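Data first, discussion second: the structure below is written as structure tokens.
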Amino acid sequence: MDIMRFTPDQDRELMRELLLHKPFAAAYGETMKTWNAVAAGLSKAIGITVNAKQVRDRVVVLKTNLRTSVQTTAFGSGIEESVDATNEQDHYSEIADLTHEYVKLEEAHISMKRTRTAKKKKQQETLEQHAAQIVSESETRRWLREEPDDAYSSSSDSTTYSMASTASTPRHSPAKRKNAFTEEAERQAKLARTELFMRREQFERQLQLTQGQHAAQLDFAREQADANRELILECVKVVGRALADRKR
């Protein structure tokens with residue numbers, strides 16, 4: 001197919017189709033389908049068959065012209081002036097305005113996606129940190145549960161040795177010493193207090209994490225709703241201006 005040379009009127013129709021379909025917001029796997037819909041709508045509006053590649057290439061040119069703030073000309077950009085144009089400057093200004101509206105919507109959508117991705121990544125990191133804390137606490141509790149057995153074994157050995165020593169030298173051994181049962185009871189009580197304290201701390205951390213995640217989800221939902229509302233308002237304004245221009 002020959003190279004498509006767009007006129008200002010065709011550029012305006014192209015931008016209206018873009019604002020209507022918003023290819024940048026297409027769902028995953030639907031992007032090409034959306035561009036084909038833009039091409040079909042433009043073909044119907046201008047009475048000339050164009051394909052998705054021609055449309056996308058033209059959008060790149062219009063966005064480049066907008067960024068560089070260069071007034072396009074017939075020789076420089078391959079645009080033919082419409083024979084119905086009464087004021088060339090008005091034609092190009094209107095195209096630039098429509099392109100600017102499209103770029104604003106596209107940038108807002110990209111910014112919203114980046115924000116959503118960043119928040120999702122932060123939540124994932126928080127969950128991983130919490131999981132690491134749980135594993136560490138579990139290891140600590142297991143160590144504390146295993147410690148009394150070792151201590152009891154050492155205490156039993158010490159008691160056996162003490163009893164043997166007492167039997168051989170009853171008059172020289174200290175009279176006041178805790179027996180193994182008392183020491184074990186104290187250790188078990190200490191272990192129970194420690195585990196209770198750790199469980200309470202874990203519960204408080206879990207509660208804070210849940211509250212933080214809930215607050216983050218609410219904030220994100222509000223931000224997304226605000227962004228969607230602004231996007232809809234921008235679309236309504238653009239479509240309204242396009243309809244008003246078409247009635248002239």
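The values are calculated or read from the model by the stated rules, or taken from the named source; none is laboratory data. Just so you know, these numbers come straight off a predicted model, no measurement behind them. No Cβ is skipped: glycine too gets one built from the backbone with ideal geometry, and neighbour counts run over all protein chains shown.
Out of the residues in region 178-199 meeting the condition of being of a type in the set (D, E, K, R) and assigned to a helix (DSSP H, G or I), tell me which one is farthest from the chain's Cα centre (by Cα). Let's see the steps before the verdict.
Within region 178-199, the subset of a type in the set (D, E, K, R) is 178, 183-184, 186-187, 190, 193, 195, 199.
Filter once more, so that each one left must be assigned to a helix (DSSP H, G or I): 183-184, 186-187, 190, 193, 195, 199.
Details: Glu183: 55, Glu184: 53, Glu186: 51, Arg187: 48, Lys190: 45, Arg193: 41, Glu195: 37, Arg199: 32 Å.
Applying the filter and picking the extreme gives Glu183.
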If the requirement is being polar (S, T, N, Q), in contact with a helix residue (DSSP H, G or I) (Cβ under 8 Å, 6 or more places away or on another chain) and either in the same structural domain as Lys121 (by TED's automatic domain parsing) or not in a helix (DSSP H, G or I) (or both), which of these qualifies: Gln202, Gln217, Gln208? Gln202
In region 195-216, the residues that are hydrophobic (A, V, I, L, M, F, W, C) and touching a residue at least 12 places away in the same chain (Cβ under 8 Å): Met198, Leu209, Ala216
